[in-house]
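In what follows, a structure is listed as structure tokens, so that the remarks can point back to it.
Nothing in this text is a laboratory measurement; each read-out follows from the coordinates by a stated rule. Please read these numbers as outputs of a predicted model, since none were measured by experiment. With ideal geometry, Cβ positions are generated from the backbone for all residues, glycine too; neighbour counts draw on all protein chains shown.
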């Protein structure tokens, strides 16, 4: 894998670190993801997409005491 050095302003680095933490990624992985996504968006890189995961199914509950309320079972 090739390394690239990217110079960022403090505010840019802080934003990148915050986003990486929010998405539970290493900062370097987050930067690489952003670059890949932007290259793909501009049509410069073909990214294979994975099929969508199986949808979450909600099942009706037998508890009638909560009628009119919201209840989700996963």
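Each of 4, 17 was scored by other Cβ atoms within 10 Å of its Cβ. Arranged with the fewest first, they read 4, 17. Counted over all Cα-Cα pairs of region 9-48, pairs farther apart than 14 Å make up 51 percent.
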